[in-house]
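What follows is a set of notes on a single structure, which appears directly below.
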Amino acid sequence: MTPFPVLLSIPHGGDRAPSELTRHIVISEQAMLADSDICTREIYGLREEVAAVVDTPIARVYVDLNRAPDDLPPANPDGVIKRLSCHGVEIYRDDVWHDQSLVHTLLRKYYYSYHRNIQAVLQSRQDLELMLDCHSMEAVGPVIGPDQGSARPAICLGSRYGGSCSAEMVQRLAAIMRRVFELREDQVTIDQPFAGGYITRRYGNNPLPCIQIEINRGLYLKADCGSEGGAQPDYGKVSMLRQQFRYALALFFA
């Protein structure tokens, strides 16, 4: 089978800490997972069926690959090297972003290497037609977010309000998602609550159209990441979502 001509970026699916940060970390594993896109590598990682997948084992709470490299605290506590999780939880015992040597090391080893991998694929694969930046989102907007306290749709597609791909393309993908995932019109949104982050902005139409995908974690978690028991994925549902995502790609590229 010819691979689908798509590059899948999965920047927030990791759950590991960089070794350079071990002595600084105070956030619990549960709180770290509550700020991660848990199971996204399992849902989206169709390595044998697409042109390319770029992902990372590093958790976004430590190095956020979907931020600009100079987006740092205190100006933004939710930047590339964070001060707080999206739930307002302290991550480090000290202000690690003031240590320029440490920040440089983190960016070089984890941030720039991820983006170099994306750029290498874009330069080497002439058959690509689309890039998808793949995420999950909480069922309700957290403390740090554009929609605090608001219920979220099942799927959100971000097009940077038409800046990263054509309106026709994102609307077509939205229609396919509604069909494949058996969702109502209002359950698949475009640019609300997420229009696409740094990766979508950086690579959208440069050179490929790029769409950010957010799948609601309520579709596959038995309990919310922030609950007392922590994240409890239903792996049967995770497997189903993976199959549905694959079918959506098949229809899109048919």
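All of the numbers you see were taken from the coordinates with simple rules; none came from a lab. Please read all numbers here as calculations on a predicted model, not as lab measurements. Don't worry about glycine lacking a Cβ; one is built from the backbone with ideal geometry, like all the others, and counts go over all protein chains shown.
Restricting the trypsin sites (Lys or Arg not before Pro) of the stretch 94-193 to loop positions (DSSP other than H, G, I, E, B) with no more than 10 neighbouring Cβ atoms within 10 Å leaves R184.
Filter the GluC sites (Glu not before Pro) in the stretch 158-254 down to the DSSP loop ones having no more than 12 other Cβ atoms within 10 Å, then list what survives.
On the way: sites: E168, E182, E185, E214, E228; in loops: E182, E228.
Counting only loop positions with at most 12 other Cβ atoms within 10 Å, the GluC sites (Glu not before Pro) in the stretch 158-254 are E182, E228.
Which chymotrypsin sites (Phe, Trp or Tyr not before Pro) in the stretch 154-233 pass both tests, a DSSP loop state and at most 15 other beta-carbon atoms within 10 Å?
Values: sites: Y161, F181, F194, Y198, Y203, Y220; in loops: Y161, F194, Y220.
In loop regions of the stretch 154-233 (DSSP not H, G, I, E or B), the sparsely surrounded chymotrypsin sites (Phe, Trp or Tyr not before Pro) are Y161.
Residues in the stretch 157-162 carry Karplus couplings, in order, of 10, x, 10, 6, 6, x Hz; the curve used is 6.51 cos²θ - 1.76 cosθ + 1.60 with θ = phi - 60°, and Gly or Pro positions show x. Can you tell me which of V80, V238, V143 moves the most in a GNM of the chain? Springs connect C-alpha atoms under 10 Å apart. Result: V143 has the largest fluctuation of those listed.
Please state the shape class of the stretch 139-254: rounded when a/c is under 1.5, otherwise prolate if a/b exceeds b/c and oblate if not, all from the C-alpha gyration tensor. Before the final figure, lay out the partial values.
Working: a/c = 1.97, a/b = 1.31, b/c = 1.50.
It is oblate, given that a/c is not under 1.5 and a/b is not larger than b/c.
The phi torsions of the stretch 7-15, fed into the Karplus equation with coefficients 6.51, -1.76 and 1.60 and a -60° offset, translate into couplings of 9, 9, 9, 10, x, 10, x, x, 9 Hz, rounded to whole numbers, with Gly and Pro shown as x. The largest-to-smallest principal axis extents of the Cα set in the stretch 4-252 are 49, 42, 31 Å. Relative to the 2.2 N^0.38 Å rule of thumb, the stretch 1-56 has a C-alpha radius of gyration ratio of 1.43.
Would the stretch 63-162 count as rounded, prolate or oblate if I go by the C-alpha gyration tensor, calling it rounded below 1.5 in a/c and otherwise prolate when a/b exceeds b/c, oblate otherwise? Verdict is oblate for the stretch 63-162. For C134, the residues 5 or more places off, or on other chains, whose built amide H falls under 5 Å of its own are S9, I10, I213. Per-residue Karplus couplings for the stretch 41-54, computed as 6.51 cos²θ - 1.76 cosθ + 1.60 with θ equal to phi - 60°, are listed in order as 5, 6, 6, 9, x, 7, 4, 7, 10, 10, 4, 6, 10, 10 Hz, Gly and Pro entered as x. Remark on G88: its backbone amide H falls under 5 Å from those of I144, a criterion applied only to residues 5 or more positions apart or on other chains, H modelled at 1.01 Å from N.
Within the stretch 4-129, the ratio Rg/Rh, alpha carbon atoms throughout and Rh by Kirkwood, equals 1.00. Look at the alpha carbon pairs under 8 Å that are at least 6 residues apart: their mean separation over the length of the chain gives a relative contact order of 22 percent.
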